[in-house]
1. Residue 36 versus (1) modelled with pLDDT of 95 or more; (2) more than 15 Å from the chain's Cα centre (by Cα): which is the lone unmet condition?
2. Only residues that are among the small types (Gly, Ala, Ser), open to solvent by 40 Å² or more (accessible area, probe 1.4 Å) and outside any strand (DSSP E or B): list them for the range 56-71, please.
3. Within the range 20-52, can you find the residues that are under 22 Å from residue 99 (Cβ atoms), in a loop (DSSP other than H, G, I, E, B) and either open to solvent by 60 Å² or more (accessible area, probe 1.4 Å) or in contact (Cβ under 8 Å) with a residue 24 or more places away in the chain (or both)?
4. Within the group 55, 35, 26, which residue is in contact with a His (Cβ under 6 Å, 6 or more places away or on another chain) and over 20 Å from residue 120 (Cα atoms)?
5. For residue 100, only one of the following conditions fails: (1) open to solvent by 50 Å² or more (accessible area, probe 1.4 Å); (2) in contact with a Gly (Cβ under 8 Å, 6 or more places away or on another chain); (3) of a type in the set (S, T, N, Q). What is its number?
6. Among the numbered conditions (1) without any contact (Cβ under 8 Å) to a residue 60 or more places away in the chain; (2) surrounded by 14 or more Cβ atoms within 10 Å (Cβ to Cβ), tell me where residue 6 comes up short.
7. Residue 106 fails exactly one of the following numbered conditions: (1) in contact with a Lys or Arg (Cβ under 7 Å, 6 or more places away or on another chain); (2) open to solvent by 70 Å² or more (accessible area, probe 1.4 Å); (3) of a type in the set (Val, Ile, Thr). What is the number of that condition?
8. Every residue in the range 72-97 that is assigned to a strand (DSSP E or B), open to solvent by 30 Å² or more (accessible area, probe 1.4 Å) and in contact (Cβ under 8 Å) with a residue 24 or more places away in the chain, please.
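The values are calculated or read from the model by the stated rules, or taken from the named source; none is laboratory data. Since we're looking at a predicted model, the values are computed, not measured. Using ideal geometry, Cβ is built from the backbone for each residue, glycine included, and neighbour counts are taken over all protein chains shown. Accessible surface is based on the protein model in full, side chains and every heavy atom, while ligands, DNA and RNA are left aside. Shrake-Rupley method; radii C 1.70, N 1.55, O 1.52, S 1.80 Å.
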Amino acid sequence: QVYLVESGGGLVQAGGSLGLSCAASGSIFRLGVMGWYRQAPGKQRELVAQMSSQGTTSYGDSVKGRVTISVDRVQKTGWLQMNGLKPEDTAVYYCHAILTPLGTEIPKTYWGQGTQVTVSS
């Protein structure tokens, strides 16, 4: 079994900062992409940030310049630092990873349980 365990999130005032972390645990052979998506009520899930196995980063247009993703592939843990938060950043944030479980050569997609981020104005 493979799990993505998220931590962080909560309530912050506009302009503030918040950090999220995501740890992949279980029988993992290889970690590929790791990142975060978010979903606000009534909206589609959208990319926040992700990092490929080569270290290439991608950021959603709405958060560029305000968030930074980092990943430790030995620890199989990622961190998302968010600064200059706005009320429109309010959403449930989901950790996302593509990884290969031990005993297989087939990468699979996994999602964390989600963590609420609320930005007050």
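1. (2)
2. Listed by number, the residues that qualify are 62, 65.
3. 27, 45, listed by residue number.
4. Within the list 55, 35, 26, the selection yields 35.
5. So the condition that residue 100 fails would be (1).
6. Here residue 6 clears every test but (1).
7. Among (1) in contact with a Lys or Arg (Cβ under 7 Å, 6 or more places away or on another chain); (2) open to solvent by 70 Å² or more (accessible area, probe 1.4 Å); (3) of a type in the set (Val, Ile, Thr), residue 106 violates only (1).
8. If the condition is that a residue be assigned to a strand (DSSP E or B), open to solvent by 30 Å² or more (accessible area, probe 1.4 Å) and in contact (Cβ under 8 Å) with a residue 24 or more places away in the chain, then 79, 81, 92, 94 are the ones that fit.
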